[in-house]
Amino acid sequence: MLRATLKGMAARKARLILTSLAVVLGSAFIASALVLTASIRATVADLSGDAYRGADVLVQPLEPENRGDRLVRDGVTAETLAAIESSEDVAEVSTTVSWMVNALGEDGKIVGGFAPTLSVNWGDASVERELREGRAPETDREVAVSAQFVTESGLGLGDTVTAYALDTDETAYEIVGVYGYSGGRDSLSGATELAFTTPEAQRLVFGGEDAYTAVAVTAASGVSADDLLASLEPAVGDEAQAITRQAYVDDLNAESAEATKLIGYFLLGFGLIAVFVSVFLIANTFSIVIAGRLKEIAMMRAIGAGRGQITRSVLAEAGLLGAVASVVGAGIGVAAGAGLTSVVANGFLDTASTSVAIPWTAPLAAVAVGVGVTVLSALVPAVRASKTPPVEAMRAAAKADKPILGVTVTGLLVTLLGATGIVLGLNETFDGDNMNLMSAAVGAGVVFVGVALLTAWLSKPVVALLGAVWSWSFAGRLGRLNAARNPRRTAVTAAALMIGVTLVTATATLLTSVKESLAAQFESSIQAELFITGPVTSSVPATFDPELMDDVRAVDGVDTAVELYYDVAQVDGTEQSVNATTDLEGGIALFGGEVVEGTVENLAEGQTVVNESSADLLGAGLGDTVAMTFSRGTESREFTIVGILADNADTDGWYVDRSYATEFYTPKPTTALVDVADGADVEEVTADVEAVLADEPAVSVQNHEEYLAQVTVFFDYAIIAIQLLLALAMIVAVIGVVNTLVLSVLERTRELGMLRAMGMTRGQTTRMVTVESVTIALFGALLGVGTGLLLGWIVQQALAPSGIEEFAVPTALIAAYLGAAVLVGLLAAIAPAVRASKVDILGAISYE
Amino acid sequence: MSTASPVKTTAVSAEGVWKAYGTGEAQVVALRDVSVQFASGAFTAIMGPSGSGKSTLMHCLAGLDTTDRGTVHIGDTPVTGLNDKALTKLRRDKIGFIFQQFNLLPTLTAEENITLPAAIAGAKADPDWLKKIIHTLDLTDRLSHKPTELSGGQQQRVACARALATRPEVVFADEPTGNLDTRSGAEVLRFLRTSVDDFGQTIVMVTHDPGAAAYADRVVFLADGRIVEDMAEPTADKVIDKMKHFEELVAAAQEETA
Ligand SMILES: Nc1ncnc2c1ncn2[C@@H]1O[C@H](COP(=O)(O)OP(=O)(O)OP(=O)(O)O)[C@@H](O)[C@H]1O
Ligand SMILES: [Mg+2]
């Protein structure tokens, strides 16, 4: 008797723990998302706080209105500096000369990815640089480099590095020192750095002018920052601007808060998905636990307990469990968020120290969500439990499963409702983008729920189909039958996995479709075979010597070769992309552009050509005049529109004569298109063109495929990023499958004991449970892939008018998801299978 | 048609079997030096008061539980000392089971339940034999039904068919009629009798019911873990009579060990 009681308690304990696990997970995700967001913000704020530490006032150049960070500007002049230094209120001054630079690594390629490469002046006292090896640069041909640069370039002390800025030629420098930053850091926020003498830094940034990108001023004792600011006003004058360091840091923080807000939404999105998944887990666990206690509940009903009492008792249990589990989850989440902060900080921001911020909302939201979700999820099982007829207590055999017709019809309606929401949203039926977006997003969520409700109905045929695979083995057949045994349970378990797989499949499908659509447009429109360009990520745009174009044209087998100059200019006061070329007609032809009105031949000075929608934007048409100011331009110039192009992503923008390129941000060409003559060997031509460009390491010769790969590289990153989402969803789903299996195994202890008594081996038992697990997991993944493809297709169809005309299925990725599902099934089966194979035969078959 | 051989061989035998549960103060000795043989082709009932060790003896005989001392043989195969794998194989190939309830897998049809032991072994059951027992048990119309669609008596008959499907050396039944009404119980017992008489099966059945014991060729009485009586050719009356004097038997047995 004691044995039976203890056994019952142990079984119940396992059930309680498993139910809690889902709640713990959900609230942990919410708490860690909130803590991580707050901590990243705090850490970034510390990082901004590092900037110009100790200074009171900053004097910076006047930035031209509306011009991006990458555009040239005038520095704070030496006269201004002298005027500042002569002020009585000033105690100390440090000067910064810092801007983008390109450096070539050991392999001859431009160093750096998305983080910039900077040139700085070693003498700048506002940043704490710590020499690790060698010494400071003393001559103009010497350089000290950051440890991060050593890592990324493969170069080291004593090596020679080639570097150049926008307006300077490639110059070789000897690396005489390697440095880090305070706190043992290798970089500041991941950037690579080269430190030159001040005059050399000024040559790189300002073409040799004695000017600075920033002057940090420390006030004399007794002078406040605001007083200093006021007293410096006359010295700074109109040529530069001064702000207190505090205002500068506040600005930085406001900027980074904007960026971290996005990260926060992203993380919270992850958290909410986890919660959404755990709703299924919790509901399922409660259903199973209640199914196991049906007799007990029926007995209570028989002795006079009312329906409401049953419902309330289940909900009270849920509330209690939710409270305990979500407090635990909040604790784990806060700890995990704090732990992850240092991972993120060290891995991506490279900060000296991390600040962990725990907003009070984090544990509160986690507990609220945990309790709320648990009670809500337990509602359906609780109501169902209350409907248990008292005679159930006397019925010996397990009764047949409840009919699923009601659920199926509801599921169908809900799915349709969700799909309608998506379609309405994507067709912009509502006023305001937010409404449309909301409609589509909510619609997608509703489709999930709908399909999740349909899973019970779908489980029969799909599981039967999957089961055919295992039918060769008897244990496999039993496992398959077990998976089909309780369609609701299988369905809800599979739904948990489905959600993650749906999300990634839909996103991957959409991104692949976009990629394929771009590729298809590209293939059908672009005439040129070869492209000369550099990496998109270089700090200073990759350019090449235009003189070389004549040599390229002279290559045997080259029909036409057109180089392009690029600038972001002010056109009638708005920022527009402007291109210049020697052969506009050829260039347009090679890009597959189309002339709608006017002409593109022999563009003269003061004439411009533009695509339709860019012209419409300014309300300009053929023959109208617009005013342009180029990045380096000192004055505005008038242009008459002589030609209009059809809209085409590859040729959109304004075109002017090549002579204006001297006023462009990059006065040298950034791209060239090469048309290879029919019949010529493309590979041979490529090799010959490469030979011409041998001294231009920044650019390379690419064919269609390579060029496309470079243009669409961002999509690849995005696809990789969403795989993380999958990994997360998978973890939750594994727990879900484990949960269901363990509970099922507990429920079937007697059955397992009987099978073992009849001579079923441990191996067969293990196989049986594993097949059940893999079947459920695969079922979920298949549903997810199906729903994901459907959602992807709906969105692609909706975007077709905007040019996403191809629907592409990411087959390799989908195969990988299914493979991952099998893996999930195998992993989830381990514990329950071991448990099942170790069932105590005697205990299992001895009667109550 | 009787396949029972004239020279009775021993299907199951126990030699000096001891079994105790727990240790120290809480120790319960369930079997004390039990030695017993069960002849092939015979139907033996084991009776005794609750807690006397009937189930324990059966579990030890069937290789479901280990003995503390003594040896058990199924035919010529020693059961004692076998590892889990060998025991599993032994149960699969040589033993049939009928439990009091929950004998069937709810996911399988009656027919699939009957062929379950063969399927577990990866073998195919002899179709003629199957036809014969299914016919004898009057289950022909029920083969495609799931257990939930069968009455308790029908379920128990399916369990009987299953126990016999592989022609095991011995069938162990622990109160197979314990949950059935008199009529269904009688059907099951008649079948067990038939399978001994006509097919030469060996059956060892634990029961509380003197009426059920009367179907057997022999009744072994257990009390306090000991065999206290071995009755041949039992009738319900003889058994009831024996049970009336049980207290004396138990006292005598206890004196013996004291
Ligand atoms: N697993 C166990 N742990 C401890 N004691 C046990 C265990 N199994 C049986 N016993 C004890 O061993 C003795 C014999 O039990 P057994 O189940 O064999 O009796 P039984 O004759 O089958 O009784 P019943 O007619 O009630 O089924 C009893 O005293 C019982 O309490
Ligand atoms: Mg018993």
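The values are calculated or read from the model by the stated rules, or taken from the named source; none is laboratory data. Every value quoted in this text rests on a predicted model; they were computed, and no experiment measured them. With ideal geometry, Cβ positions are generated from the backbone for all residues, glycine too; neighbour counts draw on all protein chains shown. Heads up: the accessible areas ignore ligands, DNA and RNA and are worked out on the full protein's heavy atoms, side chains in. Shrake-Rupley method; radii C 1.70, N 1.55, O 1.52, S 1.80 Å.
Taking all protein chains as they are arranged and a probe of 1.4 Å, the heavy atoms of B:PHE199 leave approximately 40 Å² accessible to solvent.
Within the shell defined by Cβ-Cβ distances under 9 Å, the residues around B:VAL250 carry a net charge of -2, with Lys and Arg each +1 and Asp and Glu each -1.
Compare A:VAL76, A:VAL692 by solvent-accessible area with a 1.4 Å probe and give them largest first, with all protein chains kept in place.
Working: A:VAL76 0, A:VAL692 35 Å².
I get A:VAL692, A:VAL76, largest accessible area first.
With an 8 Å Cα cut-off and a minimum separation of 6 or more residues, compute the relative contact order for chain A in percent.
Values: 1620 pairs, mean separation 131.6, N = 848.
With pairs under 8 Å counted, the relative contact order is 16 percent.
The amide H of B:ALA11, built 1.01 Å from its N in the peptide plane, has B:PHE38, B:ALA39, B:SER40 as neighbours under 5 Å, considering only residues 5 or more places off or on other chains. The alpha carbon centroids of the stretch A:767-833 and the stretch A:186-209 are separated by 50 Å.
If we sort A:474-480, A:252-258 on the protection proxy, mean other Cβ atoms within 10 Å, highest first, what's the order? Don't skip to the answer; put the middle values down first.
Details: A:474-480: 23.6, A:252-258: 13.4.
Listed from highest to lowest mean packing, they are A:474-480, A:252-258.
With both residues required to sit in chain B, DSSP beta bridges show an antiparallel share near 55%. Only protein heavy atoms count here; under a 1.4 Å probe, B:HIS245 has an accessible surface of about 80 Å². Per residue of A:757-769, other chain Cβ atoms within 10 Å of the residue Cβ number 5 on average. With all protein chains in place and ligands, DNA and RNA left out, the 1.4 Å accessible area ranks A:LEU823, B:LEU108 as A:LEU823, B:LEU108, largest first. In order along the stretch A:541-558, phi translates into HN-Hα couplings of x, 6, 10, 9, 6, x, 4, 5, 4, 4, 5, 4, 4, 6, 5, 4, x, 8 Hz, rounded to whole numbers, per the Karplus curve 6.51 cos²θ - 1.76 cosθ + 1.60 with θ = phi - 60° and x for Gly and Pro. Taking amide H atoms as placed 1.01 Å from N in the peptide plane, the amide H of A:ASP657 lies under 5 Å from those of A:GLY606, A:GLN607, each 5 or more residues away in sequence or on another chain. In the assembled protein chains, A:LYS109 presents an accessible area of approximately 130 Å² (probe radius 1.4 Å).
To the nearest ten degrees, helix A:487-525 and the longest principal axis of the Cα atoms of chain A are 30 degrees apart. Phi angles of the stretch A:579-592 translate, via the Karplus equation with coefficients 6.51, -1.76, 1.60 and θ = phi - 60°, into HN-Hα couplings of 10, 10, 7, 7, 9, 4, 4, x, x, 4, 4, 5, 8, x Hz per residue; Gly and Pro are given as x.
At a 1.4 Å probe radius, which order do A:ILE30, A:ILE273 fall into by accessible area, largest first? Please report the intermediate quantities before stating the final value.
Numbers: A:ILE30 10, A:ILE273 40 Å².
Order by accessible area, largest first: A:ILE273, A:ILE30.
Computed over the protein assembly as shown, the per-residue total of -39500 (n - 2.57) for DSSP H runs of n ≥ 4 gives a 222 nm mean residue ellipticity of -17000 deg cm²/dmol, rounded to 500.
Working from Cα pairs under 8 Å separated by at least six residues, relative contact order for the stretch A:411-453 is 57 percent.
Charge dipole of the protein assembly as shown (Cα centre as origin; +1 on each Lys and Arg Cβ, -1 on each Asp and Glu Cβ, all else neutral): 12720 debye, rounded to the nearest 20. 5 Å is the cut-off here: which amide hydrogens, built 1.01 Å from N in the peptide plane, fall below it relative to A:ALA220, excluding neighbours closer than 5 in sequence? Here A:VAL90, A:ALA91 satisfy the definition.
For the stretch A:787-845, what class follows from the C-alpha gyration tensor (a ≥ b ≥ c being the square roots of its eigenvalues): rounded when a/c is under 1.5, otherwise prolate if a/b is larger than b/c, else oblate? Prolate.
Classify chain B as rounded, prolate or oblate, taking a ≥ b ≥ c as the square roots of the eigenvalues of its Cα gyration tensor: rounded when a/c is under 1.5, otherwise prolate if a/b is larger than b/c and oblate if not.
Working: a/c = 1.73, a/b = 1.44, b/c = 1.20.
Prolate.
Sequence-ordered 3J(HN,Hα) estimates for the stretch A:261-276 from the Karplus curve with 6.51, -1.76 and 1.60 and θ = phi - 60° stand at 4, 4, 4, x, 4, 4, 5, 5, x, 4, x, 5, 4, 4, 5, 4 Hz, glycine and proline given as x.
Charge tally around B:VAL72: other residues with Cβ under 14 Å, Lys/Arg +1 each, Asp/Glu -1 each, net -2.
For the stretch B:47-168, what's the relative contact order in percent, using C-alpha pairs closer than 8 Å and at least 6 residues apart?
Working: 117 pairs, mean separation 34.3, N = 122.
Normalised by residue count, the contact order of the stretch B:47-168 is 28 percent.
Taking both sides together, the accessible area buried where B meets A is about 2500 Å² for a 1.4 Å probe. Ranked by the mean number of other Cβ atoms within 10 Å of their residues, highest first, the peptides A:809-817, A:34-42, A:637-645 come out as A:34-42, A:637-645, A:809-817.
With the charge dipole of chain A set up from +1 on Lys and Arg Cβ and -1 on Asp and Glu Cβ about the Cα centre, the Cα lying farthest toward the positive end among the listed residues A:VAL277, A:PHE591, A:VAL90 is that of A:VAL277.
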